[in-house]
Each structure stands twice: as structure tokens, then as C-alpha cells.
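Below you'll find the structure, written out as C-alpha cells, and then a few comments.
The values are calculated or read from the model by the stated rules, or taken from the named source; none is laboratory data. Please read these numbers as outputs of a predicted model, since none were measured by experiment. Virtual Cβ from ideal backbone geometry, glycine too; neighbours counted across all protein chains shown.
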Amino acid sequence: MKQEKQINFEDAMNQLEDVVSQLENGDVPLEKAIDLFQKGMQLSQLCSQKLAQVERKIEMIVENDGDIEKKPFAPQSEESGDSLG
């Protein structure tokens, strides 16, 4: 089932958090829990797709020997210990 209009990432995350909260509460009938789970999976997939699109668009501009060079964005691992600020 397609959504009538595309929602932005933040709205999808808010809806997903609401679904998770309802499921964690455990006070929903089985049929509603199944519907909530399905909606949550769709929202999760939507968020994942939007993040993948953004990741492909992000480029870091690095000055290398006076020349500007574009590199694909690669998130820094938390294990590296390098922190900004």
C-alpha cells in the first residue's frame, strides 16, 4: 500500500517512535499490534531509504595540496577516539 503523500524523515521517525512506544506498552489487542508492527516496518524502511539517499548526496570537500578534492562521505567510527569540539 502506497502512502498518499511522502512524509519527511523527521515525521517518519516521530511516527516510528510512537509505534514502538505503543508496542512496548503491551496494552494493544493482537490485531492492532500486528497492524502497528507492519506500519513500523514500513516507516523503518522509509527512514532507511531516506538516510541512504542523503548519504549518497553528501560529499566532503577536502583541500589537498592547494587543490579542492571531492570525496564521498565516510562517517568516522566512534572507536577512532577523534572528536571535534
Checklist entry - Just checking, which of Lys57, Lys39, Lys70 is at pLDDT 60 or above and in contact with a strand residue (DSSP E or B) (Cβ under 6 Å, 6 or more places away or on another chain)? => result Lys70
Checklist entry - Looking at (1) surrounded by 10 or more Cβ atoms within 10 Å (Cβ to Cβ); (2) modelled with pLDDT under 85; (3) hydroxyl-bearing (Ser, Thr, Tyr), which is the one condition that is false for Ser80? => result (1)
Next on the checklist: Given the criteria in contact (Cβ under 8 Å) with a residue 12 or more places away in the chain and of a type in the set (A, V, I, L, M), does Leu30 qualify?
Outcome noted: no
Next on the checklist: Against the condition modelled with pLDDT of 70 or more and loosely packed, with under 10 Cβ neighbours inside 10 Å, how does Asn14 come out, does it pass?
Outcome noted: no
